[in-house]
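Everything on this sheet refers to the single structure shown next.
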Amino acid sequence: MVSDLLSELIDQQSSGPDRLESHVYKQLLDKIRFGTYSLGEKLPSENDLCEEHGVSRPVVRAALAKLRDSGLIVSRRGAGSFVTRGSPTEQSGFSSLSSIDDITCYFHFRRTIEGDCAEMAARRASPSDIRRLREMVDEVQRRLDNDGESVEADFKFHICLAELSDSRFMLETIDMLRPHWIFVGSFVRSLGMTRVRTGKRMTSEHQAIVEAIAANDPLAARKAMIKHVDGSERRVFKGQ
């Protein structure tokens, strides 16, 4: 009975004249939010989008208009549409970190959600996924070795883990943490005296997560992730 009512509600929400427009908008939004279309990149032409999504030009134009209204793209006559921001303000999700308690809660939340991500990834990851994770760990370390910006590379590693969970809700939740991630990560990076030591510890923690996933050991992957988040919290509050 409950499942029938739920199915009916979903059908009602997905029907009507705006269904195709909403579908195209959601597909483009996801590609912008998760980096398929990066900041400043030109979107495919209207004709290409029509062909890709199997819809008419008015549907594509309506979806693009919605992206413009959200401030995600800007359209220039004769030039096309370009990405101007990574996510819409109305879907930014979480308010900014404004206190020590907020940062503590941020790490507590990460333990919960990312522990699940790592556990689910250990059940699903393929050999090619493992290779990709190892390449990402190496990239973070390479940037640390060259005194480069490693925060974004670190975030991409965690986004990849969320993708491997095969849950769009996990993925979208981690993506909404991006501003907090950059804020906290940049703060840790500013601790110049401890950067080398903390960088090595972070890499070791990343490697432990990947090896647990490679061993298809969900419990070990969860524990390794929680240990990593614990370490991240120590790096913020104790510089260790």
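What to note about this one:
- Residue-level check: of (1) surrounded by fewer than 17 Cβ atoms within 10 Å (Cβ to Cβ); (2) on the phi < 0 side of the Ramachandran plot, residue 78 misses just (2).
- Subset of the stretch 189-212 [at pLDDT below 65, over 14 Å from residue 145 (Cα atoms) and in a helix (DSSP H, G or I)]: 193
- Top-ranked residue of the stretch 101-144 - restricted to ones that are touching a residue at least 12 places away in the same chain (Cβ under 8 Å) and among the acidic types (Asp, Glu), ranked as surrounded by the fewest Cβ atoms within 10 Å (Cβ to Cβ): 139
- Residue check for residue 135: out of contact with any strand residue (DSSP E or B) (no Cβ under 6 Å at 6 or more places or on another chain) and more than 30 Å from residue 234 (Cβ to Cβ): no
- Residues located in the stretch 213-226, provided they are under 22 Å from residue 135 (Cβ atoms) and part of a helix (DSSP H, G or I): 213, 214, 220, 221, 224, 225
The values are calculated or read from the model by the stated rules, or taken from the named source; none is laboratory data. As the structure is a computational prediction, the values presented were derived from the model and not from experiment. As a convention, Cβ positions derive from the backbone with ideal geometry for all residues, glycine included, and neighbour counts pool all protein chains shown.
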